[in-house]
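Just below is one structure, and these are the notes that go with it.
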Amino acid sequence: MSDKIALITGVTGQDGSFLSEFLLDKAYEVHGIIRRSSTDYRERIAHLEGRPRFHLHYADLNDSLSIMQVVSRVRPTEIYNLAAQSHVQVSFDAPEYTANTDAVGVLRILEAVRLCGLTDRCRIYQAGTSELYGKVEAVPQNEQTPFHPYSPYAVAKLYGYWIVKEYREAYGMFCCTGILFNHESERRGETFVTRKITLAAARIAQGKQEKLLLGNLSSMRDWGYARDYVECMWLMLQHDRPEDYVIATGQQHSVRDFCTLAFKQVGIELDFVGTGTEEKGIDRKTGRVIVEVSPDFYRPTDVVNLLGDASKARRELGWNPDRTSFERLVQIMVEADLKKVATEQAVERIRTNLAEFLEKGIVK
Ligand code: NAP
Ligand code: GDD
């Protein structure tokens, strides 16, 4: 049995799935926490289920007993706490649930490790976020930049950040926070802006969608590729001392830029005209309106100027933020969504044909 035993909360999420692959490649025994659900299909990790070194356990970050049970059974050498209600807009609708999971959930992990007597054995990675900088007080942001959380999600994550620091100082635990800027991929949830755009570009190009409605087009993000970012989580836990790190590319683009590039990938050149809610993205060739602004996607408070300075991670962890360019990231996502939409269409056609054949008695 491996002496490297990782426990990942949030294993079914974007990062959890990439991190599982990364750790399995490094010969770890990987344990993941999943929530009981009425549907059992876990799309992002389906390809890993059944592998000998990959194990799943039912637990919930809001249920201390379940966390204690898993931690005491698995006795991990590393915990990656990635589980969270991770959608900023949703945190305005479900602030209490978000606080319970994203703030107190972190405490539950730390206490489980302490109460199970694993303080010296187990290192802990906490998924922090650039949302902590929120209504930014400086650009770019690094480990010294003051925090100014600007959503219920960010406020909850701020508690997570401080409680990790507290346990490090009070109990000498090896626990640290990665302050990760936005990272995207073909596995990104479909309601985050990048994936919403790449999926819409693929659908519009294949005649399956008319228009794309978005909120703030001028919002600026530092977008990296999730597959590259999970390595940093691991590097932080291999370091000789527990410290917090900013992980970012150091490049900034607007939501509008992302749209322009994604639609270009499917052969549609967009021109943006107008301002505010009247702004539109128009197909240069046909004059057709492809992108419109809807205030439904505006947030009560929005974070609009994120740009990270990951010099410390580059210097101390040897991490290379330039591995996947912004252009390549958009290309990876659009290509994957073009395939997804084409496959869905093919399946739809097969279903329709089959239904017809059954009706006509051609097949039984
Ligand atoms: P994600 O795709 O939304 O995945 C979230 C994961 O958390 C899912 O596996 C989800 O399980 C699980 N989860 C939610 N509530 C839970 C609960 N109460 N108990 C147990 N599991 C629960 O998020 P992600 O993009 O991979 O992000 C991973 C972490 O990094 C999150 O903490 C996020 O806040 C943070 N972060 C992300 C980014 C980014 O750009 N992606 C940047 C900075 C920080 P189900 O599948 O059952 O819903
Ligand atoms: N989701 C969404 N949908 N966002 C939109 C839309 C839309 O239709 N239109 C414009 N936006 C803007 C949002 O207002 C925000 O300023 C920006 O696009 C990015 O939104 P999201 O993709 O939802 O991501 P996020 O930056 O709020 O949060 C993500 O990154 C954080 C790290 O900074 C999440 O992954 C968080 O979990 C993570 O901590």
Each label point is 7 Å from the Cα along the Cα-to-Cβ direction; what then is the distance between the points at E356 and F272, in nm?
4.4
Around R51, with a cut-off of 12 angstrom between Cβ atoms, what is the net charge of the other residues, counting Lys and Arg +1 and Asp and Glu -1?
-3
Could you tell me which of rounded, prolate or oblate describes the stretch 139-264, using a ≥ b ≥ c as the square roots of the eigenvalues of the alpha-carbon gyration tensor, with rounded for a/c under 1.5 and, failing that, prolate when a/b is larger than b/c and oblate otherwise?
prolate
A student applying the Cα gyration tensor rule (rounded when a/c is under 1.5; otherwise prolate if a/b is larger than b/c, oblate if not) would label the chain oblate
Could you order peptides 54-60, 149-155, 206-212 by the average number of other Cβ atoms within 10 Å of their residues, highest first?
149-155, 54-60, 206-212
Formal net charge of residues neighbouring T249 (Cβ-Cβ distance under 13 Å; K, R +1; D, E -1):
-2
Would you work out what percent of the accessible area of the chain, with all protein chains in place, is carbon or sulfur (probe 1.4 Å)?
50
How high is the relative contact order of the stretch 156-244, given as a whole-number percent (alpha carbon pairs under 8 Å, six or more residues apart)?
37
Share of Cα-Cα pairs in the stretch 215-280 lying beyond 17 Å, as whole percent:
59
State to the nearest 20 debye the size of the charge dipole of the chain about its Cα centre, where the only charges are +1 on K and R beta carbons and -1 on D and E beta carbons.
820
Ranking request for peptides 279-290, 319-330: highest mean number of other beta-carbon atoms within 10 Å first, then the rest in descending order.
319-330, 279-290
Taking the dipole of the stretch 288-341 about the Cα centre (Lys, Arg +1; Asp, Glu -1; charges at Cβ), the one of V341, V304, L329 that reaches farthest to the positive side is L329
Nearest 500 deg cm²/dmol is fine: what mean residue ellipticity at 222 nm does the chain get from its DSSP H runs of n ≥ 4 alone, each adding -39,500 (n - 2.57), divided by its residue count?
-12500 deg cm²/dmol
Quick one: P(r) of the stretch 95-202 from all Cα-Cα pairs, 5 Å bins, percents rounded to integers, in order of increasing distance.
2, 11, 18, 18, 18, 15, 10, 5, 2, 1, 0
Take the cross-link list K157/K312; K165/K340; K211/K360; K211/K339; K4/K340; K4/K157 and give me the ones stretching past 31 Å between alpha-carbons.
K165/K340; K211/K360; K4/K340
What per residue convex hull volume, in Å³, do the alpha-carbon atoms of the stretch 217-324 yield?
124
In the neighborhood of E231, defined by Cβ-to-Cβ distances under 15 Å, what is the net charge if each Lys or Arg adds +1 and each Asp or Glu adds -1?
-3
Got a number for the accessible area of R73? Probe 1.4 Å, square angstrom, nearest 10.
150
In units of 2.2 N^0.38 Å, the Cα radius of gyration of the stretch 9-140 is 1.10
I'd like to know which of A99, P140, C122 lies farthest towards the positive end of the charge dipole of the stretch 98-141, counting +1 on Cβ of Lys and Arg and -1 on Cβ of Asp and Glu.
C122
Which of rounded, prolate, oblate describes the stretch 37-77, given a ≥ b ≥ c as roots of the alpha-carbon gyration tensor eigenvalues and a/c under 1.5 marking rounded, otherwise prolate only if a/b is larger than b/c?
oblate
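The values are calculated or read from the model by the stated rules, or taken from the named source; none is laboratory data. Keep in mind it's a predicted model, so treat the numbers as computed, not measured. Here the Cβ is made from the backbone with ideal geometry for all residues, glycine too, and neighbour counts use every protein chain on show. Keep in mind that these areas ignore ligands, DNA and RNA; they rest on the heavy atoms of the full protein, side chains included. Shrake-Rupley method; radii C 1.70, N 1.55, O 1.52, S 1.80 Å.
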